[in-house]
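Worksheet: the structure to be examined is printed underneath.
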Amino acid sequence: QCANTATLTIVVNSNVTPTFTQVPPICIGATLSALPTTSLNGITGVWSPALNNSSTTLYTFTPTAGQCATTANMTIDVNTLVVPSFSPVASICAGAVLNALPTNSLNGVTGSWNPTLNNTTTTTYTFTPSAGQCADTSTLTIVVNPVIVPNFTQVSAICAGDNLNSLPSTSNNGIIGIWSPALNNLTTTTYTFTPIAGQCASNATMTIQVNPIPLCVV
């Protein structure tokens, strides 16, 4: 053929990988903002699946057709909420000292308690974690036992010198303790009952009337 050679250059562009700023981990249930539809290096496209703020998810960015670009992936970590744990507080007697509750849980969550401590009635306290921690609220109930007043059957009056039986060491309502002073069958005396330690009970008293023997008149 009466023809010269000719050349043709075909340009093959390399695929661009879309780049994005990594989304930091969130706490479960926290707001998750929409992902950008344009990459840092100018690739437009869409993400799938839909955003999920309840579970760690791998998202895929698919570039819009007509761009020399590959897909890209981003995993957004969703952290579960930690439930702060605390050692139980032993029950107390009404009016006893109630130490401040710890502001740092056994599993490392910091926060504050409310309402204020109350040593007069059983109360449930709520611990609210400080902001910035993936932690839930938790509760702690401190039982406050009422102080019981021991009651006894009153001992009838006696005559001086009559037999005086030992006073019971257990009250009618189940409180154990000791009496003082020693029994005296010669004079009217007030005795004090002191409960043994470890019982939510107050002291009690009982006066036993001892009547003098009248003098014989001749």
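The values are calculated or read from the model by the stated rules, or taken from the named source; none is laboratory data. This is a predicted model, so every value here is computed, not measured. Using ideal geometry, Cβ is built from the backbone for each residue, glycine included, and neighbour counts are taken over all protein chains shown. SASA here: full protein model, heavy atoms, side chains in, ligands and nucleic acids out. Shrake-Rupley method; radii C 1.70, N 1.55, O 1.52, S 1.80 Å.
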Relative intensity, log₁₀ I(q)/I(0), of region 128-218 from a Debye sum that treats every alpha carbon as a point, q = 0.16 Å⁻¹: -0.73
Surface per residue (accessible, 1.4 Å probe) for region 64-218, Å²: 60 Å²
Karplus-derived 3J(HN,Hα), 6.51/-1.76/1.60, for each residue of region 121-135, Hz, glycine and proline x: 8, 4, 9, 9, 9, 10, 9, 10, x, 5, 4, x, 10, 7, 9
Backbone HN-Hα couplings from phi across region 147-159 [Karplus 6.51/-1.76/1.60, Hz, Gly and Pro as x]: 7, 8, 8, x, 10, 9, 6, 4, 7, 5, 4, 10, 8
FRET E, pair L58, S130, Förster distance 30 Å, beta-carbon r, rounded to 0.05: 0.45
Beta bridges by DSSP in the chain, antiparallel share as percent, to the nearest 5: 75 percent
Simple label model, 7 Å out from Cα along Cβ direction - T137 to Q199, nm: 4.0 nm
Given (i) 45, 41, 33; (ii) 177, 22, 21; (iii) 84, 50, 36, the label whose value is Cα extents along the principal axes in Å derived from this model: (ii)
Segment T21-N173, length gained on full extension (0.36 nm per residue, minus Cα span): 47.5 nm
Full-stretch length increase - A160, N114 - with 0.36 nm per residue and alpha-carbon distance subtracted: 10.5 nm
Beta bridges per DSSP with both ends in region 129-218, % antiparallel, nearest 5: 75 percent
Relative compactness, region 143-182, computed as alpha-carbon Rg over 2.2 N^0.38 Å: 1.53
